[in-house]
2 protein chains.
Amino acid sequence: MLGAVATGVASRGVVPIENSIEGPVGVTLDLLAWEYDLCIEGEIILRVRHNLLVNRGVSLNEIREVYSHPQSLAQCRGFLEKLGVSTHSTPSTAAAARTIMGRRECAAIGTRRAADIYGLEVIAENIQDFDPNFTRFIVLSEGDHEPTGRDKTSIVFSLSEDKPGGLHEILGFFADAGVNLTKIESRPSKRGLGKYIFFVDFQGHRKDPHVMDILRSISDRTPFFKILGSYPEMTDY
Amino acid sequence: MLGAVATGVASRGVVPIENSIEGPVGVTLDLLAWEYDLCIEGEIILRVRHNLLVNRGVSLNEIREVYSHPQSLAQCRGFLEKLGVSTHSTPSTAAAARTIMGRRECAAIGTRRAADIYGLEVIAENIQDFDPNFTRFIVLSEGDHEPTGRDKTSIVFSLSEDKPGGLHEILGFFADAGVNLTKIESRPSKRGLGKYIFFVDFQGHRKDPHVMDILRSISDRTPFFKILGSYPEMTDY
C-alpha cells in the first residue's frame with residue numbers, strides 16, 4: 001500500500017503506527033525508516049472498540065478458535081486467555097469475520113459493521129484489555145504539511161557508537177530548547193541485539209527556527225538521520 | 001509459566017524478551033512491569049535460524065498457508081510476502097509443525113528437529129529477513145544474581161509528567177556516571193497514547209555504590225520505578 005504512494009499510483013496512504021495498549025506497529029516503523037522516502041502529512045487518532053463475533057445462535061462456551069488481525073488479538077489477550085481458545089491471525093478483522101462464516105466453533109474479533117455484512121452477531125462487546133483504547137494512524141504523502149502553529153515533527157535516527165550518553169546528548173537538544181517530546185520509541189536496527197534506531201515525535205514544525213537548530217545538531221551527530229515530516233497535532237480525540 | 005515461578009511451583013522460568021529483527025516481546029515486558037514481582041537472574045542469547053517445513057514431496061509453489069508463532073512469522077515477513085501466502089499464528093513453532101501434518105497446501109516455520117519429529121521436510125532454510133538473528137531470553141527467579149564484576153541491571157520506570165526533559169534528566173544520571181546503557185525500550189503504559197513506561201538495561205550491579213546512587217536518584221523522581229534485577233552480562237554469543 002505504501003508502495004502505491006511511493007510510485008505515485010495513490011496520492012496518500014493511511015497506516016497504523018501505534019496503539020495505546022499494544023504499542024508500536026513494527027512493520028510501519030521499519031518501512032518508514034528503511035524502505036520508503038515518504039512524508040508524514042497528518043495523523044488520525046481513532047478510538048478502537050473490539051467485539052467478539054460469532055455465527056447466529058452460538059454461545060460463548062462453544063467457541064474453540066478465535067480469528068483476527070494480530071494487533072486485535074494482542075489488544076484482547078486477557079479476554080482470550082480467560083476464554084481458553086486458540087488464536088489465528090488474518091490480514092484484517094474483515095477477513096476474520098469472513099473466515100468464520102458457517103463455522104460454529106470459531107469466533108472473530110471485529111467491528112459491528114463486519115457482523116452486519118457477514119451475517120454474524122456480536123456476542124461480547126468492548127473486549128479489549130484496557131479502555132479507552134486508541135490507535136494512531138499516520139497519513140503519508142510525497143510532501144509534508146505547511147506550518148499551522150500547532151504542529152508536530154517526526155524523526156528517526158541512530159546513534160554513532162556505544163558510548164555512554166549518546167541518547168542523553170540528543171535529548172538534551174530538546175530539553176535545552178524547552179521542546180516537549182510526545183513519543184520516543186526504540187526499534188532494533190536489525191544489525192544485532194543492543195543496536196537501535198530511535199523514533200522521536202516532538203512539538204514544533206521543522207521550519208520553526210528553534211526546531212531547525214535542533215535538527216541540525218542531531219544531524220551533525222548521528223550516522224543515520226531522517227525527518228519523517230511535520231504535520232498538525234491532533235489533540236481532540 | 002511465569003505464574004508457576006511466582007507461586008513457587010517452578011524455581012526458574014525462561015522467557016524471550018527481545019529479538020534482533022522484531023524487537024521487544026510485548027507480553028513479557030508487560031508481565032514484568034505489572035503482573036509479577038520476579039527478578040531477572042540471568043540472560044541467554046541464542047542465534048535463531050528459521051526453516052520452512054512442508055509435508056514430504058511438496059514443492060514451494062503448492063503452498064498456500066504458513067503456520068508459526070507470531071514472532072517467527074514477523075521475523076520472516078519479507079520471505080512470506082514474496083511467497084504470497086496467508087499466515088496463521090500458533091502458540092509455538094512445534095504446534096505449527098504438528099498443525100500442518102498431512103495438509104499439503106500448508107507449511108510451518110520451525111526447527112529441523114520439529115521436521116524430524118513430525119515427519120516433515122525442510123524445503124527452505126535460513127528464511128529470516130536478516131542474518132544473524134538473535135533472540136535474548138531472561139531467566140526469572142525469586143531473587144537476582146550476586147555481583148560478578150561483569151553485570152547488567154534492568155529497571156523499568158515511568159515519568160512524572162509531560163514536562164520537557166523528563167527522560168533527558170533520567171538518562172543524565174547514567175551519562176554523568178559514565179554508565180553505558182545496553183537497552184532502552186519504551187512501552188505504552190496502557191493509560192493512553194503518548195504515556196509510556198521505559199525499560200532500561202545498563203552495565204553494573206545494583207549493589208555497586210555508583211549504581212546505588214543512580215537508582216536512588218531515579219527512584220526519587222519517578223512515580224513508578226522497579227528494579228527488575230542484576231545478573232551477569234552474556235557477551236560471548
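The values are calculated or read from the model by the stated rules, or taken from the named source; none is laboratory data. None of these values were measured; they are calculated from a predicted model. Neighbour counts are summed over all protein chains in view; Cβ atoms, including those assigned to glycine, are modelled from backbone coordinates with ideal geometry.
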Worksheet item: Quick one: how many residues across the range B:219-229 are surrounded by 18 or more Cβ atoms within 10 Å (Cβ to Cβ) and either within 14 Å of chain A (Cβ to nearest Cβ) or outside any strand (DSSP E or B) (or both)?
Response: 1
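When only residues in the range B:67-85 that are among the aliphatic types (A, V, I, L, M) and within 12 Å of chain A (Cβ to nearest Cβ) count, which is surrounded by the fewest Cβ atoms within 10 Å (Cβ to Cβ)?
Once the filter is applied, the top-ranked residue is B:V85.
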Worksheet item: If the Cβ limit is 7 Å and pairs must be 6+ apart or interchain, which residue in the range B:14-40 that is at the interface with another protein chain (Cβ under 8 Å from one of its Cβ atoms) and on the phi > 0 side of the Ramachandran plot pairs with which residue that is in a strand (DSSP E or B) and not hydrophobic (A, V, I, L, M, F, W, C)?
Response: B:G23/A:R187; B:G23/A:P188
Worksheet item: Among the residues of the range A:44-57, is there at least one that is surrounded by fewer than 19 Cβ atoms within 10 Å (Cβ to Cβ), away from chain B (no Cβ under 12 Å), on the phi > 0 side of the Ramachandran plot and at pLDDT 95 or above?
Response: yes
Item to complete: Give the number of residues within the range B:86-96 that are surrounded by 17 or more Cβ atoms within 10 Å (Cβ to Cβ) and within 12 Å of chain A (Cβ to nearest Cβ).
Response: 6
Worksheet, complete the sentence: B:V122 fails exactly one of (1) surrounded by 17 or more Cβ atoms within 10 Å (Cβ to Cβ); (2) touching a helix residue (DSSP H, G or I) at 6+ places or on another chain (Cβ under 7 Å), namely (1)
Worksheet item: Do we have any residue at all in the range A:123-132 that's more than 23 Å from the chain's Cα centre (by Cα) and either modelled with pLDDT of 95 or more or part of a strand (DSSP E or B) (or both)?
Response: yes
Worksheet entry | strands (runs of 3 or more DSSP E) enclosed by the range B:150-203 - at least 2 residues per element that are more than 7 Å from every other protein chain (Cβ to nearest Cβ) and within 21 Å of B:L31 (Cβ to Cβ) | B:151-158, B:196-203
Worksheet item: How many residues are under 30 Å from A:E43 (Cβ atoms) and touching a helix residue (DSSP H, G or I) at 6+ places or on another chain (Cβ under 7 Å) if we restrict to the range B:199-220?
Response: 1
Practice prompt. Quick one: count up the residues across the range B:132-146 that are out of contact with any Ser or Thr (no Cβ under 7 Å at 6 or more places or on another chain) and either away from every other protein chain (no Cβ under 14 Å) or surrounded by fewer than 20 Cβ atoms within 10 Å (Cβ to Cβ) (or both).
Written response: 7
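Could we say that B:E161 is in the same structural domain as B:V15 (by TED's automatic domain parsing), surrounded by fewer than 20 Cβ atoms within 10 Å (Cβ to Cβ) and not polar (S, T, N, Q) here?
Yes.
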Worksheet item: Of the residues A:K183, A:K152, A:K207, A:K195, which is touching a residue at least 60 places away in the same chain (Cβ under 8 Å) and surrounded by fewer than 18 Cβ atoms within 10 Å (Cβ to Cβ)?
Response: A:K207
